[in-house]
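Q: My questions all concern the structure below.
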Amino acid sequence: MGNEQAAERRKYPRIPSSDVVSFSERDAMEHLGVSKDFSPGGIRFFATGCEIDMGTVVEINFYVGKTFVSAVGKVVHATDVDALTQDVGIEFVELDSVATAILKNYYHENAAKAGTDAA
């Protein structure tokens, strides 16, 4: 499936990013990754040095612009990039009202710059 078809299926097109994220299963060791893109519905990042399985629920902390946001999400895809790195997609399942507002505002302000239609 091409990127155009994947983008058409998404509720929200993604905004590129490249910030450090931290994530962990509840009450487990924290890991670091690098964000690739995000939207109000989820985030995609590269995780290095750990394996994440589909369906795993993780707590994730990341930046939206210059604001730090925390969420709980479910792994909807995890693809090996190489022997140490996975491309991980998270769908948010718990996001407080402040984080939701921050994400939506940032998204609508920056989607045009990223070449997406956030109307």
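Every read-out reported here was derived from the displayed coordinates using simple, explicitly stated rules and does not represent laboratory data. Quantities reported herein were computed from a predicted structural model and do not represent experimental measurements. FYI the Cβ positions are ideal-geometry reconstructions off the backbone, even for glycines, and counts take in every protein chain you see.
Q: In whole Hz, what ³J(HN,Hα) sequence does segment 90-99 give by Karplus (6.51, -1.76, 1.60; θ = phi - 60°), x for Gly and Pro?
A: 10, 9, 5, 10, 9, 8, 5, 5, 5, 4
Q: Ok, one more. Could you list R44, R26 in order of exposure, starting from the residue whose Cβ has the fewest other Cβ atoms within 10 Å? The partial results should precede the final answer.
A: On the way: R44 19, R26 8.
The most exposed by this proxy come first: R26, R44.
Q: Right, here's the next one. For segment 22-29, just list the computed ³J(HN,Hα) in residue order, Karplus coefficients 6.51, -1.76 and 1.60, θ = phi - 60°, integers in Hz, with x standing in for Gly and Pro.
A: For segment 22-29, the Karplus-derived couplings read 10, 8, 6, 5, 4, 6, 10, 4 Hz, x marking Gly and Pro.
Q: With +1 on each Lys and Arg Cβ and -1 on each Asp and Glu Cβ, and nothing else charged, work out how big the dipole of segment 16-110 is about its Cα centre, in Debye to the nearest 20. Don't jump to the answer; show the numbers that get you there.
A: Working: 6 positive and 15 negative charges, 72 e Å.
Around 340 debye, computed over segment 16-110.
Q: Please compute the contact order of segment 16-110 in relative form: average sequence separation of alpha-carbon pairs under 8 Å and at least six residues apart, divided by the residue count, as a percent.
A: Values: 211 pairs, mean separation 24.2, N = 95.
Rounded, it is 25 percent for segment 16-110.
Q: Moving on. Sort the following peptides by mean Cβ neighbour count (other Cβ atoms within 10 Å, averaged over residues), highest first: 29-35, 92-98.
A: Taking the mean over residues of other Cβ atoms within 10 Å, the ranking is 29-35, 92-98.
Q: Whole angstrom only: what separates the Cα centroid of segment 74-109 from the Cα centroid of segment 19-62?
A: Cα centroid of segment 74-109 versus Cα centroid of segment 19-62: 7 Å apart.
Q: For V64, what residues show an amide H to amide H distance below 5 Å, using hydrogens built from the backbone and excluding near sequence neighbours?
A: So V64 has HN proximity to V69.
Q: From the backbone phi of segment 37-45, what are the Karplus-calculated ³J(HN,Hα) couplings (6.51 cos²θ - 1.76 cosθ + 1.60, θ = phi - 60°) in whole Hz, Gly and Pro given as x?
A: Per residue, the Karplus-derived 3J(HN,Hα) values read 6, 7, 8, x, x, x, 9, 10, 8 Hz.
Q: Sticking with this one: Go ahead and collect, in residue order, the members of segment 78-109 whose backbone nitrogen is under 11 Å from a label point 7 Å along the Cα-Cβ direction of M54.
A: Answer for segment 78-109: 78-79.
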